[in-house]
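A short write-up of the structure that comes next.
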Amino acid sequence: MAHHDKLAQQMEFPPQIQQPNVFPLSWHAKTQKMEEIWDAAQREVWDPKKLPWDTLDVESYSWEEREAIAYWWTLLSVFDASAPPVFAAALIKTYEEHEEDPVRRCFFSVTRDEQNHEQMCGLAITKLLEHDDPLTYQPKTDLGKRLQKNAMWLYYNGGRYWNGYKNAVPKYSLAVLFSSFLMGEIAAATIFKQMHDNSRELVFKEAFRHIGRDEGRHMAICLALMERDYPRLAAEDKALVTKQIRAGYLFLSAVLFEPPEEFWDLPADFIKNQREGEEVARGAGFGIPTYEAKKENWRNAMLNLKGVLARYDIPFPAIPEVGIDGQEVTEVDMDSIIPVF
């Protein structure tokens with residue numbers, strides 16, 4: 001049909017809209033739990049700029065401590081800075097697949113929350129370093145220089161993930177996406193509670209309280225959708241979920257545990273530098289969990305997720321790094337993973 005052809009002059013009603021497409025819209029709602037979660041999201045909106053930043057005296061820290069704490073926020077930003085576009089893409093998919101109205105709104109709320117988390121990373125980094133970019137910042141200490149090199153490699157790997165995510169999302173059903181999102185939310189809820197409990201600075205404690213509450217709400221979204229959809233999940237989708245859980249473990253371990261060398265492209269001294277930075281940050285009153293605490297957190301998160309998936313007869317992948325048996329998943333590619341934090 002030529003672009004100037006006028007169908008309205010030839011037929012009484014328009015043809016069906018080719019799908020996927022965000023049109024036509026409808027506002028059907030069947031899952032009451034999603035409406036309740038949306039209402040909670042509206043009540044619990046917060047603004048990172050309105051946290052008690054006036055209580056943070058950066059001059060009371062040494063430059064090494066400031067660079068070490070800023071490095072942790074930079075590490076978090078690899079995941080939380082990617083989360084707004086990740087969930088924005090998922091939000092678009094909910095419209096294209098004509099999801100329930102409250103489901104669409106809930107995915108909008110997650111996108112908004114993750115934007116707050118990204119802004120929190122930026123504010124913390126900027127105030128600690130007195131510079132708005134951890135990669136062009138001029139480090140003041142030897143540790144700071146080594147941590148900056150770590151940050152460069154983290155961002156490089158993050159770029160590989162984003163390209164893979166863009167390719168993967170159109171291939172997978174929303175049901176598969178939900179399981180991948182849930183994995184990050186289960187683990188995030190634990191780590192942010194610990195960061196809140198163990199950090200000295202009021203502004204950081206408040207940020208972790210808000211972020212942890214957000215992540216718990218995101219987890220509730222995924223659980224509600226899984227309860228709705230997973231009893232009818234196809235066998236091929238169950239196999240994809242198993243693979244994505246293993247991929248999620250490998251990807252998210254960079255922030256929740258330590259990045260596995262066979263999956264992340266990192267220099268040989270990366271782990272050494274990160275551990276040294278974490279030790280300095282902990283000594284300054286910033287509540288990063290120890291190696292053993294992170295390992296135990298990850299194990300508990302995986303066991304919780306395993307229990308959820310068992311309800312739907314979905315095989316759980318082996319996670320030998322934290323002592324969990326399961327189905328072997330040998331091929332995991334950065335170009336096809338979809339987990340998010």
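Name the residues in region 311-324 that are more than 11 Å from THR242 (Cα to Cα), of a type outside the set (Asp, Glu) and either open to solvent by 10 Å² or more (accessible area, probe 1.4 Å) or more than 20 Å from the chain's Cα centre (by Cα) (or both), would you? Listed by number, the residues that qualify are ARG311, TYR312, PRO320, VAL322, GLY323, ILE324. The set of residues in region 162-211 being farther than 22 Å from LEU91 by Cα and among the hydroxyl-bearing types (Ser, Thr, Tyr) consists of THR190, SER199. Kindly check whether there is at least one residue in region 213-234 that is part of a helix (DSSP H, G or I), touching a helix residue (DSSP H, G or I) at 6+ places or on another chain (Cβ under 6 Å), within 19 Å of PRO317 (Cβ to Cβ) and aliphatic (A, V, I, L, M). Yes - at least one qualifying residue is present in region 213-234. Report yes if some residue within region 39-52 is open to solvent by 30 Å² or more (accessible area, probe 1.4 Å) and touching a Lys or Arg at 6+ places or on another chain (Cβ under 8 Å); otherwise report no. The answer is yes, given that some residue of region 39-52 is open to solvent by 30 Å² or more (accessible area, probe 1.4 Å) and touching a Lys or Arg at 6+ places or on another chain (Cβ under 8 Å). Inclusion of MET11 among residues that are touching a Cys at 6+ places or on another chain (Cβ under 6 Å) and either within 30 Å of TYR95 (Cα to Cα) or surrounded by 10 or more Cβ atoms within 10 Å (Cβ to Cβ) (or both) is not warranted.
Yes/no matrix, rows are residues, columns are (1) assigned to a helix (DSSP H, G or I); (2) touching a Ser or Thr at 6+ places or on another chain (Cβ under 7 Å); (3) under 28 Å from VAL58 (Cα atoms):
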position	(1), (2), (3)
GLU258	no, no, yes
LEU266	no, no, no
LYS272	yes, no, yes
ARG282	yes, no, yes
GLY285	no, yes, yes
ILE288	no, no, yes
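Among the residues making up region 58-108, none is open to solvent by 30 Å² or more (accessible area, probe 1.4 Å), under 14 Å from LYS127 (Cβ atoms), among the hydroxyl-bearing types (Ser, Thr, Tyr) and in contact (Cβ under 8 Å) with a residue 12 or more places away in the chain. If you go through region 263-306 and pick out every residue that is among the charged types (D, E, K, R), open to solvent by 40 Å² or more (accessible area, probe 1.4 Å) and closer than 18 Å to ASN198 by Cβ, you end up with 6.
Selection of first residues in region 115-142 that are among the hydroxyl-bearing types (Ser, Thr, Tyr) and of second residues that are open to solvent by 40 Å² or more (accessible area, probe 1.4 Å), restricted to Cβ pairs under 9 Å at least 6 apart or on distinct chains, gives the following pairs, ordered by first then second residue: THR126/ASP132; THR126/ASP133; TYR137/GLU130; TYR137/HIS131; THR141/SER62; THR141/TRP63; THR141/GLU64. Selection of first residues in region 30-53 that are of a type outside the set (D, E, K, R) and of second residues that are assigned to a loop (DSSP other than H, G, I, E, B), restricted to Cβ pairs under 9 Å at least 6 apart or on distinct chains, gives the following pairs, ordered by first then second residue: THR31/GLU100; MET34/GLU100. Being modelled with pLDDT of 90 or more and either over 24 Å from ALA83 (Cα atoms) or more than 21 Å from the chain's Cα centre (by Cα) (or both) is a condition met by no residue of region 247-264. The combined condition, being part of a loop (DSSP other than H, G, I, E, B) and of a type in the set (D, E, K, R), is fulfilled by ASP5. Quick check, is ASP142 open to solvent by less than 10 Å² (accessible area, probe 1.4 Å), of a type in the set (Asp, Glu) and modelled with pLDDT of 95 or more? No, not satisfied.
For region 207-219, the count of residues that are of a type outside the set (Val, Ile, Thr), at negative phi, surrounded by fewer than 18 Cβ atoms within 10 Å (Cβ to Cβ) and in contact with a His (Cβ under 9 Å, 6 or more places away or on another chain) is at least one.
The values are calculated or read from the model by the stated rules, or taken from the named source; none is laboratory data. In this text the structure is predicted, and so the values were computed from the model without any measurement. Note that we place each Cβ from the backbone using ideal geometry, even for glycine, and neighbour counts take in every protein chain shown. Note: areas computed on protein heavy atoms with side chains; ligands, DNA, RNA excluded. Shrake-Rupley method; radii C 1.70, N 1.55, O 1.52, S 1.80 Å.
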